[in-house]
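Input: a single structure, listed below in structure tokens.
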Amino acid sequence: MALVEGGEIIEARILLEGVVGAGARVQAVLKTVGVPAIATDSAQEYLLPKGAPGATQGQSIAIEITREAIPGPEPWKRPLARVAETISVSDAQGEVVAFPSPSDRLGEFGWLELLEEARSGIVGFEGGELRVSLTPAMTLIDVDGRLPPLELAMAGAQAAARAIRRHGVGGSIGVDLPTVAGKAERQAIAEAVDAILVQPFERTSVNGFGFLQIVRPRRHASLFELAGERAAFEARALLRLAAFAPPGAKRLAAHPAVTAVLEQHPDWLDALAAQVGGEISLRADPALPMSGGHAEPA
């Protein structure tokens with residue numbers, strides 16, 4: 001899903017099948033008591049860092065997901081939740097763009113460019129670019145470019161703030177800017193970040209070495225993190241690309257790791273077949289890069 005302003009995607013999320021989204025409220029059974037506690041539904045365990053005061057082991061309780069399951073190098077981490085008073089329905093509003101669908105509304109707003117930023121970790125802006133790197137401790141954003149240092153630091157900080165919001169980056173974030181000597185100038189750069197990011201978040205000042213740290217709630221995986229699960233990311237991207245190709249039977253040619261993901265999800269292929277009005281087959285081609293999948297006539 002995406003938030004669009006001025007014809008541009010300014011916030012985006014990819015909701016994975018089988019993952020209960022942050023903010024959702026579900027009924028679960030309290031598996032262990034104490035602080036933290038563990039609750040479970042039919043498919044997932046949730047860690048309750050503040051426990052479940054007043055509840056007993058085996059009791060059914062309503063919980064609200066505060067951080068959904070995040071794919072990546074630490075699959076042992078449980079999603080986080082807290083006790084909720086009632087089960088409620090999401091009040092999210094906006095236009096629902098169904099998929100599969102006959103027209104590519106998200107594509108009109110730059111969805112393919114957004115995916116390329118996520119997979120490459122490179123986000124361009126006028127006069128420079130950001131390089132985004134994932135570490136276990138934080139997301140690091142390096143600013144580089146051809147502008148004079150103060151201009152580059154200001155433009156880079158603004159671009160970093162936009163990328164953080166656009167790609168849903170949460171947790172601890174470090175932004176490495178060009179060194180700027182003046183305290184007033186560094187303060188102006190930090191305030192430019194404040195004007196773009198939406199609360200809640202905290203930040204440090206820009207220090208004398210050009211480093212700025214931002215901390216945001218980490219409620220779900222960023223698009224950069226999802227792109228790190230490369231085969232699954234590219235499989236979903238290929239399905240979406242094929243859905244808007246001319247109708248008829250198709251063969252999806254892709255890297256073997258990508259076709260392996262698709263083989264594990266025949267329901268995805270069935271949905272695509274219904275969209276394009278023809279059977280879907282697969283062709284694994286090790287010569288293709290991960291992002292080089294395409295649809296060809298069957």
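In the range 153-182, the qualifying residues are those that are among the β-branched types (Val, Ile, Thr) and part of a loop (DSSP other than H, G, I, E, B), and the one that is farthest from the chain's Cα centre (by Cα) is Val180.
Take the conditions touching a residue at least 40 places away in the same chain (Cβ under 8 Å) and more than 22 Å from Ala221 (Cβ to Cβ) and apply them to Gly7. Does it pass? Full working, then the answer.
Details: touching a residue at least 40 places away in the same chain (Cβ under 8 Å): yes; more than 22 Å from Ala221 (Cβ to Cβ): yes.
Yes; evaluated as a whole, the condition is true for this residue.
A residue that is outside the structural domain of Ala118 (by TED's automatic domain parsing) and out of contact with any His (no Cβ under 9 Å at 6 or more places or on another chain) occurs somewhere in the range 282-289.
Summed over the range 264-298, the residues that are in a loop (DSSP other than H, G, I, E, B), among the hydrophobic types (A, V, I, L, M, F, W, C) and at pLDDT below 95 give a count of 1.
Within the range 244-258, the set of residues being modelled with pLDDT of 95 or more and touching a helix residue (DSSP H, G or I) at 6+ places or on another chain (Cβ under 8 Å) comprises Leu252, Ala254, His255, Ala257, Val258.
You will find that of Val206, Val276, the residue that is in the same structural domain as Asp142 (by TED's automatic domain parsing), touching a residue at least 12 places away in the same chain (Cβ under 8 Å) and either surrounded by 17 or more Cβ atoms within 10 Å (Cβ to Cβ) or of a type in the set (Lys, Arg) (or both) is Val206 and no other.
The condition (being more than 30 Å from Leu30 (Cβ to Cβ), modelled with pLDDT of 90 or more and surrounded by 13 or more Cβ atoms within 10 Å (Cβ to Cβ)) is satisfied by just one residue among Leu106, Leu147: Leu147. Annotation: Gln158 fulfils all but one of (1) of a type outside the set (Val, Ile, Thr); (2) touching a Leu at 6+ places or on another chain (Cβ under 9 Å); (3) within 17 Å of Ile10 (Cβ to Cβ); the unmet one is (2). For Ala118, the conditions (1) in a helix (DSSP H, G or I); (2) out of contact with any His (no Cβ under 7 Å at 6 or more places or on another chain); (3) closer than 18 Å to Ser222 by Cβ; (4) of a type outside the set (Phe, Trp, Tyr) all hold with the exception of (2). Tallying residues that are under 12 Å from Glu64 (Cβ atoms) and acidic (Asp, Glu) within the range 38-54 yields 0. Residue under question is Ala232, and the condition is that it be over 24 Å from the mean Cα position of the chain (by Cα) and either closer than 30 Å to Pro136 by Cβ or not assigned by TED's automatic domain parsing to the domain that holds Leu134 (or both); does it hold? Answer is no for this residue. Applying the condition of being more than 16 Å from Val123 (Cα to Cα) and either outside the structural domain of Gly182 (by TED's automatic domain parsing) or not small (Gly, Ala, Ser) (or both) to the range 134-144 and asking which residue is modelled with the lowest pLDDT yields Pro136.
With respect to Phe233, is the statement that it is under 21 Å from Ser133 (Cβ atoms), in a helix (DSSP H, G or I) and among the aromatic types (Phe, Trp, Tyr) true? The answer is yes for Phe233. Scan the range 45-68 and tell me whether some residue there is modelled with pLDDT of 85 or more and closer than 30 Å to Ala274 by Cβ. For the range 45-68, residues modelled with pLDDT of 85 or more and closer than 30 Å to Ala274 by Cβ: present. Counting only residues that are over 18 Å from Val198 (Cα atoms) and part of a strand (DSSP E or B), the range 208-230 holds 1 of them. Within the range 176-191, residues that are within 12 Å of Glu151 (Cβ to Cβ) reach partners that are surrounded by 21 or more Cβ atoms within 10 Å (Cβ to Cβ) and of a type in the set (D, E, K, R) with beta carbons closer than 6 Å, at six or more positions or on different chains, in the pairs Val180/Arg186.
Condition check ((1) of a type outside the set (A, V, I, L, M); (2) touching a His at 6+ places or on another chain (Cβ under 7 Å); (3) surrounded by fewer than 14 Cβ atoms within 10 Å (Cβ to Cβ); (4) farther than 29 Å from Leu197 by Cβ) across all residues:
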position: Glu5; (1), (2), (3), (4): yes, no, yes, no
position: Ile9; (1), (2), (3), (4): no, no, no, no
position: Ile14; (1), (2), (3), (4): no, no, no, no
position: Val33; (1), (2), (3), (4): no, no, no, yes
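The values are calculated or read from the model by the stated rules, or taken from the named source; none is laboratory data. Keep in mind that what you see is a predicted model, and the values were worked out from it rather than measured. Glycine also receives a Cβ, built like all others from the backbone with ideal geometry; neighbour counts cover every protein chain displayed.
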